[in-house]
Amino acid sequence: QVQLVESGGGLVQPGGSLRLSCAASGSIFSINVMGWYRQAPGKQREFVADITSGGNTNYADSVKGRFTVSRDSAKNTVSLQMNNLKPEDTAVYYCKAIIRTMSRPYNMDYWGKGTLVTVSS
């Protein structure tokens with residue numbers, strides 16, 4: 001079994017910063033891509049940012065220049081540094097990882113349960 005556990009959400013004022021973290025644990029053979037998605041109230045889940053095992057990053061246009069994704073492959077963790085937060089960034093943020101486990105010779109998507117980020121004055 002594999003678990004992804006997010007942390008770091010909370011309430012922040014517009015213009016403020018937050019750092020989210022996600023740790024993967026379990027019977028992991030390798031992790032390909034790790035990243036973040038978010039779902040605002042009444043909206044569909046959307047891509048935010050991800051990072052490959054080689055360190056290549058991708059960002060949604062709405063967060064470019066404000067958010068930075070990073071990972072520690074030795075610890076199986078991924079982080080999202082969010083700066084200059086805006087009210088429209090309010091959402092539940094989900095960690096996602098593409099993982100190959102010890103028991104399956106192929107990659108699968110795994111998701112965390114999410115952490116709430118609220119940007120409000």
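The values are calculated or read from the model by the stated rules, or taken from the named source; none is laboratory data. These figures come from a predicted structure and were not determined experimentally. FYI the Cβ positions are ideal-geometry reconstructions off the backbone, even for glycines, and counts take in every protein chain you see. Just the protein is used for accessible areas: all its heavy atoms, side chains included, with ligands, DNA and RNA removed. Shrake-Rupley method; radii C 1.70, N 1.55, O 1.52, S 1.80 Å.
Structure summary
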item	result
Portion, in percent, of the accessible area of the chain that falls on carbon or sulfur, probe 1.4 Å	47
Considering only the range 22-105, percent of DSSP beta bridges that pair antiparallel, nearest 5	100
Relative contact order (percent, whole number), the chain, Cα cutoff 8 Å, 6+ residue spacing	37
Separation in nanometres of the label points that stand 7 Å from Cα toward Cβ, at residue 75 and residue 53	2.1
Where Rh is the Kirkwood radius over Cα pairs, Rg/Rh for the range 1-81	0.97
Point-charge dipole on Cβ atoms (K/R +1, D/E -1) for the chain, about Cα centre, debye to 20	120
Solvent-accessible area per residue, Å², over the range 44-95 with all protein chains present [probe radius 1.4 Å]	50
Gain in span if fully extended, residue 7 to residue 27, counting 0.36 nm per residue against the direct Cα distance	5.1 nm
Efficiency of FRET from Cβ geometry, residue 109 and residue 17, R₀ 35 Å, rounded to 0.05	0.75
Positive dipole terminus of the chain, leading residue within 108, 16, 27 (C-beta point charges)	27
Gain on full stretching of the segment that runs from residue 102 to residue 45 - 0.36 nm per residue minus C-alpha separation	17.6 nm
Whichever lysines have a C-alpha closer than 22 Å to that of residue 64, once near sequence neighbours (fewer than 8 apart) are set aside	43, 86, 96
